[in-house]
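Accompanying notes for the structure given below.
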Amino acid sequence: MHYLTKTTAADNLASQCLILGIFEGRQPGSTLGELNARAASAIKAALKKGDMTGKSGQTLMLYAVDGIEAERVMLIGLGKKKSMTAKSLTSAVENAVAQLNENAARDCAMVLPPELDTASAVYAAVRSIVLAAESRLYRFDQCKSKKDRPPKPLGRMTLVTGSRRMANTVRKALAHGQAIASGMNLARDLANLPGNICTPSYLASQAKKLGNKSAKMKVSALTEKQMERLGMGALLSVSNGSREPARLIVMEYRGGPTNNRPLVLVGKGLTFDAGGISLKSSANMDEMKYDMCGGASVIGTLQACAELELPINLVGIVPASENLPDGAANKPGDIVTSMAGLTIEILNTDAEGRLILCDALTYAERFKPAAVVDVATLTGACVVALGHHTTGLLANDDKLAEELFQAGEAINDPCWRLPMNDDYRKQLDSNFADLANIGGKGAGAITAACFLGAFTEKYKWAHLDIAGTGWKHGDKGATGRPVPLLMQMLLARCKLVE
Ligand code: BES
Ligand code: MN
Ligand code: ZN
């Protein structure tokens with residue numbers, strides 16, 4: 001969708017639909033002050049009929065409203081005035097956009113509630129409006145031969161602010177929102193594609209496309225031969241069981257001063273996880289095409305960062321592989337040697353994410369990272385602990401953990417820290433190797449992080465377990481998370497958020 005900003009009076013605006021927010025208790029807030037007297041009393045009269053109270057998510061469509069130039073007026077409920085949040089705005093805008101996309105209106109103009117009276121409030125609101133609209137308009141029909149598209153889709157949204165002072169803030173928030181949304185959409189597309197199309201090589205080719213689009217980004221993908229030479233025995237042991245060759249995708253974005261250490265993002269790119277010889281049960285196994293959501297979010301974040309030309313150095317690393325059972329696959333009890341030299345006893349071949357990630361995390365050392373954040377659909381245990389709303393956060397550095405937590409809060413893409421210490425680490429002790437790839441009963445999300453922690457001692461590191469948040473389980477659709485969280489972190493590091 002295209003976005004514009006205008007400071008013209010809302011009642012004079014030629015548009016197919018003017019969107020006005022109403023607070024709970026039929027409170028039009030100060031919005032009506034922006035309209036002429038005839039329009040204001042027409043809307044008050046409509047509210048009196050009682051068809052909407054202003055609860056978050058409610059909508060009411062009015063036609064030919066006296067004193068208003070727009071063809072329609074859509075009242076949207078914003079919830080309680082005191083507690084207007086990104087969340088309440090999100091559900092209101094999602095509902096409005098869904099309706100407008102299905103009806104005949106092709107453009108709309110949304111009046112920003114004057115209650116948003118600081119630059120940071122306007123910034124946050126506008127950005128969440130864009131994110132909400134784009135997420136509602138997203139559809140994945142690449143693999144359908146007949147596309148079921150609305151006949152008159154919504155194509156344009158104008159954000160109307162009464163204050164010229166805010167126009168620049170609105171513009172900035174629109175740009176950030178759109179870049180984050182395209183990054184999320186790319187992540188969702190890659191993740192929604194099935195395993196037979198989105199293979200490790202496909203992921204590599206899509207990443208390379210981004211490299212060709214941006215002068216500041218260089219993309220390469222190591223082959224299995226190159227990984228062998230580096231001694232990536234853990235990663236390669238996973239792809240041994242599959243006919244699709246593994247790739248290690250490396251995306252280098254240089255937007256900051258040359259000698260600034262980069263932030264490195266590492267994303268699990270398991271394009272299909274059948275479990276290997278420790279085969280998964282067949283119920284919902286199709287959803288294991290989403291086991292590359294972490295990698296997809298890293299690719300999406302690099303795209304968004306390049307689109308905004310952020311003044312930062314950022315590296316994305318995506319180890320990509322399948323995990324399938326065949327005669328060359330890992331067997332329980334096998335011992336492999338990682339690039340770091342640590343030997344690993346593979347007690348469960350379904351704990352493969354950590355095997356491909358550990359070599360990628362060792363590879364990350366060569367970039368002399370300021371910090372490393374990995375993103376992975378790593379454990380079912382994380383879903384048990386935090387469900388589908390909150391991403392698991394584990395880290396070897398308190399400041400980095402706090403930075404990620406705050407970023408999640410600021411952009412409504414939350415994560416929550418779990419503890420990590422030696423008591424958990426001991427669960428990985430192995431009789432025959434330096435460490436085992438599973439930690440026995442209890443605390444599966446934590447022991448998985450402890451495993452990764454053994455390979456990240458040389459830098460500041462955080463791990464995001466998105467097993468519950470990367471896609472909608474059962475509903476079958478990737479979410480694009482945690483692209484917003486990562487982008488918020490980058491924007492904050494660049495001091496670009498209000
Ligand atoms: N990709 C899965 C984790 C997963 C499972 C994510 C279900 C989302 C939903 C991972 O590779 C895996 O299989 N983990 C095992 C680890 C276990 C064998 C220690 C798990 O969580 O069951
Ligand atoms: Mn697995
Ligand atoms: Zn997996």
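The values are calculated or read from the model by the stated rules, or taken from the named source; none is laboratory data. The shown structure was predicted, so the numbers you read here are calculated from the model rather than taken from an experiment. Every residue, glycine as well, gets a Cβ built from its backbone with ideal geometry; the counts of neighbours run over all protein chains shown. The area values use the complete protein model at the heavy-atom level, side chains included, leaving out ligands, DNA and RNA. Shrake-Rupley method; radii C 1.70, N 1.55, O 1.52, S 1.80 Å.
Close amide H pairs (under 5 Å, H built 1.01 Å from N) link THR271 with SER321, GLU322, residues at least 5 positions away or on another chain. Computing FRET efficiency as 1/(1 + (r/R0)^6) for TRP416 and ASN36, where r is the C-beta to C-beta distance and R0 is 41 Å, gives about 0.25.
Residues whose amide H falls under 5 Å from that of LYS280, counting only those 5 or more places apart or on a different chain, are GLY275, with hydrogens built in the peptide plane.
Once both labels are positioned 7 Å from their Cα atoms along Cα-to-Cβ, the gap between ARG106 and LYS495 label points is 4.5 nm. One quarter of the surface of the convex hull around the alpha-carbon atoms of the stretch 269-386 equals 9.0 nm², the direction-averaged projected area.
Here the mean projected area of the convex hull built on the C-alpha positions of the chain is 23.8 nm².
Each Lys and Arg adds +1 at its Cβ and each Asp and Glu adds -1 at its Cβ; summed about the Cα centre, the stretch 132-230 shows a dipole of about 520 debye.
Compute the distance from the alpha-carbon center of the stretch 6-69 to that of the stretch 440-465, in whole Å. The distance from the Cα centre of the stretch 6-69 to that of the stretch 440-465 comes to 52 Å.
Per-atom-type breakdown for the chain gives carbon and sulfur 49% of the accessible area (1.4 Å probe, protein chains only). Extension gain for ALA175-ASP397 works out to 76.8 nm (0.36 nm per residue, less the C-alpha to C-alpha distance). Entry note, the chain: the mean residue ellipticity at 222 nm calculated from DSSP H runs of n ≥ 4, each adding -39500 (n - 2.57), is -11000 deg cm²/dmol after division by the residues and rounding to the nearest 500. If one computes the Cα centroid of the stretch 117-145 and of the stretch 308-382, what distance in Å separates the two points? Taking the Cα centre of each part, the stretch 117-145 and the stretch 308-382 sit 32 Å apart.
The charge dipole of the stretch 419-498, taken about the Cα centre with unit charges on the Cβ atoms of Lys, Arg (+1) and Asp, Glu (-1), comes to about 280 debye, rounded to the nearest 20. A simple spin-label model places the labels of ASP475 and THR258 4.8 nm from each other, with each point 7 Å out along Cα-to-Cβ. Between LYS225 and SER205, with labels modelled 7 Å along Cα→Cβ, what's the label distance in nm to one decimal, could you check? Those two pseudo-labels are separated by 2.0 nm. In terms of packing, defined here as the mean over residues of other Cβ atoms within 10 angstrom, the peptides 318-326, 7-15 line up highest first as 318-326, 7-15.
Projecting the Cα atoms of GLY295, ALA274, TYR63 onto the dipole axis of the chain, where Lys and Arg carry +1 and Asp and Glu carry -1 at the beta carbon, places TYR63 farthest toward the positive end.
Shown in residue order for the stretch 160-176 are the 3J(HN,Hα) couplings computed by the Karplus curve 6.51 cos²θ - 1.76 cosθ + 1.60 at θ = phi - 60°: 9, 10, x, 10, 4, 3, 8, 4, 5, 4, 4, 4, 5, 5, 5, 5, 5 Hz (x for Gly and Pro). Protein heavy-atom accessible surface, 1.4 Å probe, per residue over the chain: 41 Å². Of all DSSP beta bridges located in the chain, what percent are antiparallel, nearest 5? Expressed as a percentage, antiparallel bridges in the chain total about 45. What is the angle, in °, between the Cα long axis of helix 293-307 and the longest principal axis of the Cα atoms in the chain? Nearest 10 is fine, range 0 to 90. Its long axis makes an angle of about 60 degrees. The dipole here belongs to the stretch 181-493: it is taken about the Cα centre, uses +1 on the Cβ of Lys and Arg and -1 on the Cβ of Asp and Glu, and is about 820 debye. Dipole of the chain computed with +1 at Lys/Arg Cβ and -1 at Asp/Glu Cβ about the Cα centre; of VAL219, LEU265, ALA40, farthest Cα towards the positive end is ALA40.
Of all DSSP-defined beta bridges confined to the stretch 217-327, some 65% are antiparallel rather than parallel. Given their separation in residues at 0.36 nm each and the Cα-Cα distance between them, ASN12 and MET52 gain 11.9 nm when the chain is fully extended.
Taking the stretch 338-365 and a reference point 7 angstrom along Cα→Cβ of ASP326, no backbone N atom is nearer than 17 Å. I need the Kirkwood Rh of the stretch 336-412: take the reciprocal of the average 1/r across all distinct C-alpha pairs and report it in angstrom. About 14.7 Å, per the Kirkwood formula over Cα pairs.
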